[in-house]
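Data block below; observations after.
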Amino acid sequence: MEKNPLPSQKAASLWLPESSKPLIIAGPCSAESPEQLLKVAQDLKRMENVSFLRAGIWKPRTTPGNFQGVGSEGLKWLKEVKKETGLPFSTEVGSEKHVYEALKFGVDMVWIGARTVSNPFVMQEIAEALRGVDIPVLVKNPLSPDLDLWEGAIKRLSNVGIRNIGAIHRGFSWWGKSIFRNQPFWKIPMELKAKFPNLPIICDPSHISGKRNLVPFVAKRAVDMGFDGLMIEVHPEPEKALSDAAQQLTLHEFELLLAFIKDSNFQEESYPDELLSELRAEVDIMDDLLLWALSNRMELSGRIASVKTSRKMPALQPKRWSQVLDRVTNTGEQSGLRVDFIKKLYNAIHKESLSVQNELIEKVK
Ligand code: PEP
Ligand code: MN
């Protein structure tokens, strides 16, 4: 695998806290009023380990008619709140114009949202607008589980000389039922880290979870896996929030989360079950994927059967079967599976495939 240190990257410690501590970014999904921002910022400031306030002012909504954000007005509030509390602030930029606006108000850090990262034209425009700017720029993963697209967005920023780039893992859109709003697919951010060891990667458990009771478990898992920081949605009154109400934490819940991620012995009755459901939800997704792949494979067996019938070939083709077995045994072994297991599994799959084919061949005879 290509190892690219993103050469223009500054030592991450210049904007991350002490290397052993995760960077904490917290604040409401959306800026709603000057009072809301001041309240949340004052409380977060008291907690000390929060490095940046977050608040979205331009909200990319999936459904038209939903709250679109307060716009540039929110930048005035954020600037004022920083003056009062001393807490640096960050916001999402989704266009060149947003970048210029945010910079005008002295934004301390910006992030680029999942929908924007999915569009290379807009990413390039934003990168150009940020040329020569020396604030950290965080890149969320794109909506689809596409590492190249994520990496491409990061490289566009690196190519214009941005020195403080970070990535944010916020989960991926996926079909099927799951307890997550966005699927974590942890392997993808881990691969990004392996490719770019100097690139800080922050986890956004709020958008992965979609509901507040899951947020601490996803956060804990991310920290245990060595993520460099967390971005958490916190709101003074989450149930009244104008966006993402179900996933925002109260300040008290956020304090508990900070204790939970720090202390591996933290005891709370319901916690082990929640952690177990997080892991089981991932297993369910993998099972759905396995079943989907198997049903597609059997459907192909049916199509192969009709070709074999027209060519008067028997269903069992020993040479082809031995090639298939060799290939899957090698690939499976490289992925860490035991040879014995792959052979057992594939014998069962092959047996089922032959019987599907034979049934069809018999039918047309
Ligand atoms: C957000 O951070 O509030 C947001 C809209 O995030 P995402 O781009 O991950 O959906
Ligand atoms: Mn949100």
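The values are calculated or read from the model by the stated rules, or taken from the named source; none is laboratory data. These figures come from a predicted structure and were not determined experimentally. Here the Cβ is made from the backbone with ideal geometry for all residues, glycine too, and neighbour counts use every protein chain on show.
See the values below:
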{"item": "Which numbered condition R338 misses (of (1) farther than 25 Å from C203 by Cβ; (2) touching a residue at least 12 places away in the same chain (Cβ under 8 Å))", "result": "(2)"}
{"item": "Among (1) under 29 Å from G176 (Cβ atoms); (2) at pLDDT 90 or above - the single one L276 does not satisfy", "result": "(2)"}
{"item": "Flag for G332 being under 35 Å from the mean Cα position of the chain (by Cα) and outside any helix (DSSP H, G or I)", "result": "no"}
{"item": "All positions within the range 6-45 that are surrounded by fewer than 17 Cβ atoms within 10 Å (Cβ to Cβ), assigned to a loop (DSSP other than H, G, I, E, B) and at pLDDT below 95", "result": "P7, S8, K10, A11, P17, E18, S19, S20, K21"}
{"item": "Among the residues listed as G56, G69, the single one being surrounded by 21 or more Cβ atoms within 10 Å (Cβ to Cβ), over 24 Å from E255 (Cβ atoms) and within 13 Å of ligand 1 (Cβ to nearest atom)", "result": "G69"}
{"item": "Test: I349 is of a type outside the set (K, R), surrounded by 10 or more Cβ atoms within 10 Å (Cβ to Cβ) and within 19 Å of L290 (Cα to Cα)", "result": "yes"}
{"item": "Those residues of the range 26-53 which are within 16 Å of ligand 1 (Cβ to nearest atom) and of a type in the set (D, E), in sequence order", "result": "E32"}
{"item": "Failed condition for K140, given (1) surrounded by fewer than 21 Cβ atoms within 10 Å (Cβ to Cβ); (2) at pLDDT 95 or above; (3) not aromatic (F, W, Y)", "result": "(1)"}
{"item": "Test for E233: is it part of a helix (DSSP H, G or I) and either more than 16 Å from ligand 2 (Cβ to nearest atom) or under 30 Å from I57 (Cβ atoms) (or both)", "result": "no"}
{"item": "Residue match in the range 237-260 (condition: among the acidic types (D, E), within 13 Å of ligand 1 (Cβ to nearest atom) and not in a helix (DSSP H, G or I))", "result": "yes"}
{"item": "R221 being surrounded by fewer than 19 Cβ atoms within 10 Å (Cβ to Cβ) and not hydroxyl-bearing (S, T, Y)", "result": "no"}
{"item": "Selection within the range 227-236 - within 17 Å of P184 (Cβ to Cβ) and within 16 Å of ligand 1 (Cβ to nearest atom)", "result": "F227, G229, L230, M231, I232, E233"}
{"item": "Residue within the range 90-97 that is at negative phi, surrounded by 19 or more Cβ atoms within 10 Å (Cβ to Cβ), touching a residue at least 12 places away in the same chain (Cβ under 8 Å) and away from ligand 1 (no atom under 16 Å from the Cβ) present", "result": "no"}
{"item": "Some residue of the range 140-156 being free of Cβ contacts under 8 Å to residues at least 40 places away in the same chain, away from ligand 2 (no atom under 16 Å from the Cβ) and β-branched (V, I, T)", "result": "no"}
{"item": "Residue satisfying condition, being without any contact (Cβ under 8 Å) to a residue 12 or more places away in the chain, outside the structural domain of N182 (by TED's automatic domain parsing), assigned to a helix (DSSP H, G or I) and surrounded by 11 or more Cβ atoms within 10 Å (Cβ to Cβ), within set L289, L294, L325", "result": "L289"}
{"item": "D287, sole failed condition from (1) more than 30 Å from L257 (Cβ to Cβ); (2) at pLDDT below 95", "result": "(1)"}
{"item": "Qualifying position, being within 16 Å of ligand 2 (Cβ to nearest atom), at pLDDT below 95 and surrounded by fewer than 22 Cβ atoms within 10 Å (Cβ to Cβ), among K187, K177, K240, K211", "result": "K211"}
{"item": "Extreme residue, farthest from K21 (Cα to Cα), among residues of the range 46-61 that are in a loop (DSSP other than H, G, I, E, B) and within 11 Å of ligand 2 (Cβ to nearest atom)", "result": "R61"}
{"item": "Test for L192: is it away from ligand 2 (no atom under 12 Å from the Cβ) and either within 17 Å of G56 (Cα to Cα) or not assigned by TED's automatic domain parsing to the domain that holds I25 (or both)", "result": "no"}
